[in-house]
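Below is one structure, written out as structure tokens; comments come after it.
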Amino acid sequence: MLLHLHLVRHGQTMFNRYNRLQGWSNSPLTSQGMQDARRAGEKLADVSFAAAYCSDTTRAEITARTILSVNLAGAGAANGQPEVHADMHFREQCYGYFEGQDMAASWWAAGAPHGVGTYNAIVERYGLSASRDFLHEADPFHDAESDAEYWRRIEGGFAVIAANGRLTDGDDVLVISHGNTLLSLMHRYAPDGYDLSERPRNGSVTTLEFDTAQQIGQALTVVGYNE
């Protein structure tokens, strides 16, 4: 079964605006964030969604419901509105002790013991997976997800979608996602030609094809990024 996944980064939040790490913690959408969600809904107005998923965070749930309310005036008018399934598997990376802290200071704490002082420098020298492992090491409680812990959970989210017995070949599925998760998926699955120095914008759409018959390592194909 081949599914068309439309992954939307949630609208801007207060922590986004203040440049603070936001993984499993919540902060409300700003007025700009609500506009981001409505803009995404307008981009996807002609898509008939068979299912909708999001993380169990308010920023993701509000973004999902806003998109579907806009969609209801378009393709959703004829085919109805799917129920939003909120699940912890779709959460952003857990930053543990560093949740809500200044991003620059947090990444310095993670990278400095390894000779690098910024997130971009960690990724350039050691790879994106190391950014998670370094933050896990720097967390005095070690609650920040390691790379292995992170991918085990994220892969569980795709298993949740694949297990939906109501989905059929060719269906369109809405997934409200998060900035670092979208970037991580691109680093893992994108072919050459995408500029991954640009983080996905709030309200942007990244499109993947998901072949549920394949193992997760070969199941995802990137169609579009940060649109």
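The values are calculated or read from the model by the stated rules, or taken from the named source; none is laboratory data. On a predicted model such as this, the values are computed, not experimentally measured, just so you know. Methodologically, a virtual Cβ is constructed for each residue, glycine included, from the backbone with ideal geometry; neighbour enumeration extends over all protein chains shown. Note: areas computed on protein heavy atoms with side chains; ligands, DNA, RNA excluded. Shrake-Rupley method; radii C 1.70, N 1.55, O 1.52, S 1.80 Å.
The single residue among ALA86, ALA110, ALA104 that is at pLDDT 95 or above and in contact with a Leu (Cβ under 8 Å, 6 or more places away or on another chain) turns out to be ALA110.
Hey, can you tell me all the residues within segment 83-112 that are assigned to a helix (DSSP H, G or I), in contact with a strand residue (DSSP E or B) (Cβ under 8 Å, 6 or more places away or on another chain) and over 17 Å from MET186 (Cα atoms)?
MET103
Taking segment 13-73 and the helices (runs of 4 or more DSSP H) fully enclosed by it, the elements with 2 or more residues that are touching a residue at least 60 places away in the same chain (Cβ under 8 Å) and open to solvent by 60 Å² or more (accessible area, probe 1.4 Å) are at 31-43.
Give the residues of segment 190-227 that are in a helix (DSSP H, G or I) and open to solvent by 30 Å² or more (accessible area, probe 1.4 Å), sorted by residue number.
ILE216, GLY217, GLN218
Does segment 179-187 include one or more residues that are farther than 21 Å from GLY23 by Cβ and surrounded by 14 or more Cβ atoms within 10 Å (Cβ to Cβ)? Within segment 179-187, not a single residue is farther than 21 Å from GLY23 by Cβ and surrounded by 14 or more Cβ atoms within 10 Å (Cβ to Cβ). Of all residues in segment 80-128, those that are hydrophobic (A, V, I, L, M, F, W, C) and under 20 Å from the mean Cα position of the chain (by Cα) total 10.
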